[in-house]
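Remarks on the structure that follows.
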Amino acid sequence: MTDIVKKSSFLDYAPAPESTSILHLQKSYGLFIDGEFVKGHGKSFQTISPSTEKTIAEIANANAKDVDTAVAAARRAYDRTWSKLSGADRGKYLFRIARLVQERARELAVAESLDNGKPIKESRDVDVPLVAAWFFYYAGWADKLDYAGLGPSPRALGVAAQVIPWNFPLLMLAWKVAPALAAGNTVVIKPAETTPLSALIFAEILQQAELPAGVVNIITGAGDTGEALVNHPDVNKVAFTGSTGVGRAIAKSVAGTGKKVTLELGGKAANIVFDDAPIDQAVEGIVNGIFFNQGHVCCAGSRLLVQESIHDDVVERLKSRLSTLRLGDPLDKNTDIGAINSREQLERIRTLSDIGEKEGADRWTADCVIPDKGFWFAPTIFDNVSTSSTIAREEVFGPVLSVLTFRTPAEAIAKANNTPYGLSAGIWSDKGSKILAVADQLRAGVIWANTFNRFDPSSPFGGYKESGYGREGGRHGLAAYLESAGWSAAK
Ligand code: NAP
Ligand code: MG
């Protein structure tokens, strides 16, 4: 291992920063309501770059009155325009948006990395291409709803209230907006307080695409803006992605209102490595599973379950691999690990890691240079973690891996399912029949075999238990925005 670490210092990369000159940022951004940027009535706030702590722009804050204006705009657009268009015409707008996202891909990737802190190679090669893919995919569905297996002439719900988190700001927007529009709904969406920038550039794209005014409204603000939005009496659908705590509060507040709800919440995924797995591939998969996007991934493989006989080998190779990862400037094309999105999240990761150590797990941290400014956390492994340990149960939502062992497939399944969550899981084995047999018994919405963190718009995504309910993506994702035959909640 030491050899590999030493070698990596000989192979130091010269910085290769992506230029920010492609961005045409405003000093301040308004709310995007009824096709225009307007002032917010709440107290504006600043979005910062988590890698430098420097302010990027001043952002408007939507209060209850602004939420009301946005929902009214979405309702008008639904009644007068969007519900009157054919599926084929709705599809044309979605195709146009998808192409504009591709045209402005570099700009969107730079904005995302600047505001969120994720490495440019991820925003450039994963987030933004998937955003375009999501719009292309649902554009194709817009005129085929009758053939989606959801009954004859499925109908839109009306106005969708959507609230998204900060870990994949633009991708989560695409997951929400694309199926909603394809199914014929109009939208009011609130991005997270720390990452509004890409959604505001997306608003410009909607203007460029000449999407009819009010079909998509983007309101910025914090938790209280989100609360006012989901509780607004004139919304027909609530789609939320975020923490289980807030999801629970939303489920309570909309109960009995007739609003249709989907909740995509937290996770604590098991990544199971059997002794017959291709070890080097598995190590890459473990790294991708938990260190992609600094571990700010709801479906991250945060619990490594490794068969006891190969434990030492896997952990050793994992440490070697982690020692080669480069942490630093998110805009540098060589960067593997970017900044933690906020000071608050950094504190949470630190606190939970300290608890992990106090509870007796063995802590190992990759030896990286931490920049002076900004929020950073070096890739960390906890070995000898017990199932009852806090870090094996709670979502750390950071670059922290817990390692547990098992002896038999039955023990692996029992340990994997021993969690209040049920979002995703991974299985590594050379034997297809073993993979299928284990997958069958895992209580997780998404199960990857010999890979991890793969996303595709045609594949449904969502959880069991405290990971929420409803599915996004694929045909299932359309069903979440359509009324079952013969009944419509839309006014
Ligand atoms: P969060 O605190 O629940 O926030 C999510 C969004 O909800 C943000 O826009 C937030 O606004 C807003 N919000 C906060 N309080 C609210 C309230 N009372 N009513 C309505 N909206 C409210 O979650 P987070 O910390 O940003 O995101 C991390 C969590 O998201 C993790 O648990 C992760 O697992 C989960 N996640 C799940 C998925 C999935 O698909 N299952 C995907 C990504 C992330 P502000 O940010 O402005 O406060
Ligand atoms: Mg920010």
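Observations on the model:
- Applying the criterion of at least 1 residues that are more than 13 Å from ligand 1 (Cβ to nearest atom), in contact with a helix residue (DSSP H, G or I) (Cβ under 9 Å, 6 or more places away or on another chain) and closer than 22 Å to Thr387 by Cβ to the helices (runs of 4 or more DSSP H) found wholly in region 218-325 leaves 279-291, 311-322.
- Any hit, region 361-372, residues being within 16 Å of ligand 1 (Cβ to nearest atom), among the charged types (D, E, K, R), at negative phi and without any contact (Cβ under 8 Å) to a residue 12 or more places away in the chain: no
- Of all residues in region 159-173, those that are in contact with a Leu (Cβ under 7 Å, 6 or more places away or on another chain) and not in a strand (DSSP E or B) total 3.
- Hits in region 318-343 - residues which are within 27 Å of Thr419 (Cα to Cα) and either away from ligand 2 (no atom under 16 Å from the Cβ) or touching a Cys at 6+ places or on another chain (Cβ under 9 Å) (or both): Leu318, Lys319, Leu322
- With respect to the conditions (1) of a type in the set (D, E, K, R); (2) within 16 Å of ligand 2 (Cβ to nearest atom); (3) over 23 Å from Ser123 (Cβ atoms), Asp224 lacks only one, and its number is (2).
- Flag if Leu197 is under 30 Å from Thr52 (Cα atoms), within 14 Å of ligand 1 (Cβ to nearest atom) and of a type outside the set (S, T, N, Q): yes
- Considering residues of region 90-129 that are in contact with a Phe, Trp or Tyr (Cβ under 6 Å, 6 or more places away or on another chain) and in contact (Cβ under 8 Å) with a residue 60 or more places away in the chain only, the residue nearest to Leu197 (Cα to Cα): Ile97
- Residue tally, condition of a type in the set (Gly, Ala, Ser) and part of a loop (DSSP other than H, G, I, E, B), over region 131-158: 6
- The set of residues in region 154-168 that are within 15 Å of ligand 2 (Cβ to nearest atom) and under 11 Å from Ile189 (Cβ atoms) contains only Ile164.
- The residue of region 397-412 that is nearest to ligand 2 (Cβ to nearest atom), among those that are under 28 Å from the mean Cα position of the chain (by Cα) and either surrounded by fewer than 22 Cβ atoms within 10 Å (Cβ to Cβ) or in a strand (DSSP E or B) (or both), is Val400.
- Residues of region 417-438 satisfying the condition of being assigned to a helix (DSSP H, G or I) and under 14 Å from Leu305 (Cα atoms): Asn417, Val438
- Residues (of a type in the set (Val, Ile, Thr) and either within 16 Å of ligand 1 (Cβ to nearest atom) or in a helix (DSSP H, G or I) (or both)) located in region 73-130: Ile97, Val101, Val110, Ile120, Val126, Val128
- The condition (being touching a residue at least 12 places away in the same chain (Cβ under 8 Å) and more than 23 Å from Thr241 (Cβ to Cβ)) is satisfied by just one residue among Lys358, Lys431: Lys431.
- Top-ranked residue in region 180-217 [being acidic (Asp, Glu) and away from ligand 2 (no atom under 13 Å from the Cβ); ranked as nearest to Asp127 (Cα to Cα)]: Glu204
- Within region 349-397, the set of residues being within 19 Å of Gln294 (Cβ to Cβ) and among the basic types (Lys, Arg) comprises Arg350, Arg363, Lys373.
- Flag if Glu53 is closer than 14 Å to Leu197 by Cβ and touching a residue at least 60 places away in the same chain (Cβ under 8 Å): no
- Qualifying residue in region 100-116 (condition: more than 16 Å from ligand 2 (Cβ to nearest atom), more than 18 Å from Arg471 (Cα to Cα) and surrounded by 22 or more Cβ atoms within 10 Å (Cβ to Cβ)): yes
This table checks each residue for (1) small (Gly, Ala, Ser); (2) surrounded by fewer than 16 Cβ atoms within 10 Å (Cβ to Cβ).
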| site | (1), (2) |
| --- | --- |
| Ala199 | yes, no |
| Ala213 | yes, no |
| Ile250 | no, no |
| Ser253 | yes, yes |
| Gly256 | yes, yes |
| Thr262 | no, no |
| Gly266 | yes, no |
| Ala282 | yes, no |
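- Among the conditions (1) touching a residue at least 60 places away in the same chain (Cβ under 8 Å); (2) touching a strand residue (DSSP E or B) at 6+ places or on another chain (Cβ under 9 Å), Ser44 misses just one, which is (1).
- Residue in region 38-65 that is surrounded by the most Cβ atoms within 10 Å (Cβ to Cβ), counting only those that are away from ligand 1 (no atom under 16 Å from the Cβ) and under 26 Å from the mean Cα position of the chain (by Cα): Ser51
- Applying the set (1) modelled with pLDDT of 95 or more; (2) within 25 Å of Ala139 (Cα to Cα); (3) of a type outside the set (A, V, I, L, M, F, W, C) to Pro420 leaves exactly one unmet item: (2).
- So Glu204, is it surrounded by fewer than 24 Cβ atoms within 10 Å (Cβ to Cβ) and either part of a loop (DSSP other than H, G, I, E, B) or within 15 Å of ligand 1 (Cβ to nearest atom) (or both): no
The values are calculated or read from the model by the stated rules, or taken from the named source; none is laboratory data. Computed from a predicted structure; not experimentally measured. Here the Cβ is made from the backbone with ideal geometry for all residues, glycine too, and neighbour counts use every protein chain on show.
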